[in-house]
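Report on the structure given below.
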Amino acid sequence: MAFAGDPRCNRPPFGGSPDRYRAILENYGQKLDSVTKTLEEICNMKFSGADRTALHTLGFTDEEINRMDTSTLTVDVINGVKSRPNSN
């Protein structure tokens with residue numbers, strides 16, 4: 001699927017909070033390449049019209065994707081679950 005890339009998705013913090021991005025680097029620094037790729041993909045899902053199926057499969061709605069920080073979404077994807085308190 002072709003989509004227009006959002007400039008926020010080309011470099012850190014990938015459309016998210018700089019503080020949350022730094023926290024990801026501290027926690028996942030040993031996997032930086034794969035985490036960076038995931039951040040970029042999620043940023044494009046959030047801002048550039050990329051296919052959101054992977055996030056929908058994990059239970060995220062479009063409203064949640066639009067509202068949540070890309071770093072938070074990335075951590076949830078890495079963990080394979082929605083880690084928010086109100087998840088079902």
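The values are calculated or read from the model by the stated rules, or taken from the named source; none is laboratory data. From a predicted model like this one, the values you see are computed outputs, not experimental measurements. In this analysis, Cβ positions are derived from the backbone assuming ideal geometry, glycine residues included, and neighbour counts consider all displayed protein chains. Side chains are part of the model used for accessible areas, which takes the heavy atoms of the whole protein and leaves out ligands, DNA and RNA. Shrake-Rupley method; radii C 1.70, N 1.55, O 1.52, S 1.80 Å.
Do the sum for the chain: with -39,500 (n - 2.57) for every DSSP H run of n ≥ 4, divided by all residues, what is the mean residue ellipticity at 222 nm, to the nearest 500 deg cm²/dmol?
-16000 deg cm²/dmol, from helical runs alone.
Give me the accessible area per residue for the chain, probe 1.4 Å, as a whole number in Å². Please list the in-between numbers first.
Numbers: 5300 Å² over 88 residues.
That works out to 60 Å² for each residue.
Split the accessible area of the chain by element, probe 1.4 Å, and carbon with sulfur accounts for 51%. Computed over every Cα-Cα pair of the chain and binned at 5 Å starting from 0, the pair-distance distribution P(r) comes out as 3, 16, 27, 26, 18, 8, 2 percent. Remark: spin-label model distance H56-K31 equals 2.5 nm, labels positioned 7 Å along the Cα→Cβ axis.
Counting pairs of alpha carbon atoms under 8 Å apart in space and at least six apart in sequence, what relative contact order in percent does the range 10-66 give?
Working: 21 pairs, mean separation 14.2, N = 57.
Relative contact order of the range 10-66: 25 percent.
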